[in-house]
Amino acid sequence: MKVLVIGSGAREHALITALLADDTVTEVFAAPGNAGIASVVPTYAVSVDDPGVVAVLAADLGVDMVVIGPEGPLVAGVADAVQERGIACFGPSAAAAQLEGSKAFAKRVMAEAGVPTAMAHVCTSLDEVGAALDQFGAPYVVKDDGLAAGKGVVVTSDRAEALAHARTCLARSNDAQVVVEEYLDGEEVSLFAITDGTTVVALQPAQDFKRVGDDDAGPNTGGMGAYSPLPWAPANLVADVTERVLQPMVDAMRRRGTPFAGLLYAGLAMTSRGFRVIEFNARFGDPETQVVLANLRSPLGQLLYAAATGRLADVPALVWQSGYAVTVVIAAQGYPESPRRGGVITGLKQAAECVGVEIFHAGTSITDDGIAASGGRVLSVTAHGETLAHAREHAYAAVDLITLEGSHHRSDIAKRAAQEMEG
């Protein structure tokens, strides 16, 4: 089987690494890729948000399946164009991808499916926003209705800051909307599910760290690290979420005539009243993918192809290795506000030789001086260990060997959970 992976981040690097480990996958290509991806598979510098361009590339390469990583191409309809060429595609149609593309749409489907989620108001004016903020009270939660690369949500106790974010979102277009929600307390969990539009297969849960600084300080980012599985999660969590959230959403989308096939990502809050859905994404999350796939031992290519061709019910139960995985994101100076690009990265070879470590590239490119930072999140340093503490030790030992001037990372990824495991 030949596979084309769309995207340029650490998520795609992790997907490619897992696909290459599947004996049934004979060739992998990537578009556009990054410096790390280019070191293992051929890459093609094309516009991945253009459905026609991606479909032509897939046909020219003669691939059997396209795997779409980022949300942009999904919402743009790349999966539709690929499938029209008769090529299997892992990723939902543009219509189904609105579960991520529009938070207001997702709220409507959740209501139809009876999925537990936060109370919310969809607002089209600042007056409506102000009324919703006053109804729910602080902390205030304001979400851009559309795609915002993981940075469209503001959670604050400052009403003026919440209003300012809403004003920015509403100014994007004449029909812009924002969603104002009640604040959900408790730990957050990311749960991925593979689906072919009927059958749902959940993966291991993960937790990511959105804030830029230790102890959840500073602004939201695309994600500064993650770990999986979750030693503190209830034993029946995956089964409960599958029964009450994932399967009902897939069933509701099918009833609507827009079946969802691909990766359905449920962001959950473990509140004092039980779990609640924060949001849905229509693709693998980053950086959670890096840790979830690090523990998966079932062949990924066969799993994704079964979902893309409507045969997921025939796939054997997933196999997971014992232990834990931790990923730590190394970010460029100034991230997330204004990341500095161009800095040369050193120590990658030495770090990759650390026990249990895989280094997945995100914002990197090849220059005359070596591999350099080309984005905000530059690397995901991922490690496996039999205990969460061991996984952390391996990951941070590798992080310490990598140098990028002005870069920063969190030092507390999975720290509290590891300490609780140790007693």
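Of the chymotrypsin sites (Phe, Trp or Tyr not before Pro) in segment 189-252, the ones in a loop by DSSP (not H, G, I, E or B) with at most 15 other beta carbons within 10 Å are Trp232.
Highest GNM mean-square fluctuation among Thr309, Thr242, Thr26, for the chain modelled with Cα contacts below 10 Å: Thr26. Pairwise Cα distances in segment 125-176 exceed 18 Å for 24 percent of all pairs. Karplus-derived 3J(HN,Hα) values for segment 323-332, using 6.51 cos²θ - 1.76 cosθ + 1.60 with θ = phi - 60°, are x, 9, 10, 10, 10, 10, 8, 9, 10, 6 Hz; glycine and proline are entered as x. Here the Karplus relation 6.51 cos²θ - 1.76 cosθ + 1.60, evaluated at θ = phi - 60°, turns the backbone of segment 298-310 into coupling constants of 5, x, 5, x, 5, 5, 5, 5, 4, 5, 6, 10, x Hz, with x for every Gly and Pro. In a solvent-free Debye calculation with one equal scatterer on each Cα, what is log10 I(q)/I(0) for segment 92-228 at q = 0.20, 0.22 Å⁻¹, listed in the order of the q values? Computed log10 I(q)/I(0) values: -1.39, -1.53. Based on Cα contacts under 8 Å between residues 6+ apart, the chain shows a relative contact order of 16 percent.
Residue-wise HN-Hα couplings along segment 66-79, as the Karplus relation 6.51 cos²θ - 1.76 cosθ + 1.60 with θ = phi - 60° gives them from phi, are 10, 10, 9, x, x, 6, x, x, 5, 5, 6, x, 4, 4 Hz; Gly and Pro carry x.
So what's the gap between the Cα centers of segment 1-51 and segment 256-294, to the nearest angstrom? Using only Cα atoms to place each centre, the spacing works out to 22 Å. For Thr364, nonlocal amide neighbours, meaning residues 5 or more places apart or on other chains whose placed amide H falls under 5 Å from its own, are Ala35, Ser374.
Seen from Tyr396, the other residues with C-beta closer than 14 Å to its C-beta sum to a net charge of -1, counting Lys and Arg as +1 and Asp and Glu as -1.
Distances between placed amide hydrogens fall under 5 Å for Ile278 paired with Gly267, Leu268, Ala269, all partners being 5 or more residues away or on another chain. Between Ile366, Ile413, Ile194, the Gaussian network model of the chain with springs among Cα atoms under 10 angstrom shows the greatest mean-square fluctuation at Ile366. Charged neighbours of Thr364, selected by a Cβ distance under 11 Å, balance to +2 (K, R count +1; D, E count -1). Dipole of segment 324-422 (Lys/Arg Cβ +1, Asp/Glu Cβ -1, origin at the Cα centre): which of Thr346, His408, Tyr335 lies farthest to the positive side? So the residue we want is Tyr335. With only Cα atoms counted, segment 2-90 has Rg and Dmax values of 11.6, 32 Å. Computed from label points 7 Å out along Cα-Cβ, the spacing between Arg273 and Gln321 is 4.2 nm. Summarising the amide proton neighbourhood of Ala261: residues at separation of 5 or more, or on other chains, whose placed amide H is nearer than 5 Å comprise Ser93. Computed extension gain for Glu84 through Ser39, at 0.36 nm per residue and net of the alpha carbon distance, reaches 13.1 nm.
Values in this text are rule-based calculations from the coordinates and carry no lab data. All values reported here derive from a predicted model rather than from experimental measurement. No Cβ is skipped: glycine too gets one built from the backbone with ideal geometry, and neighbour counts run over all protein chains shown.
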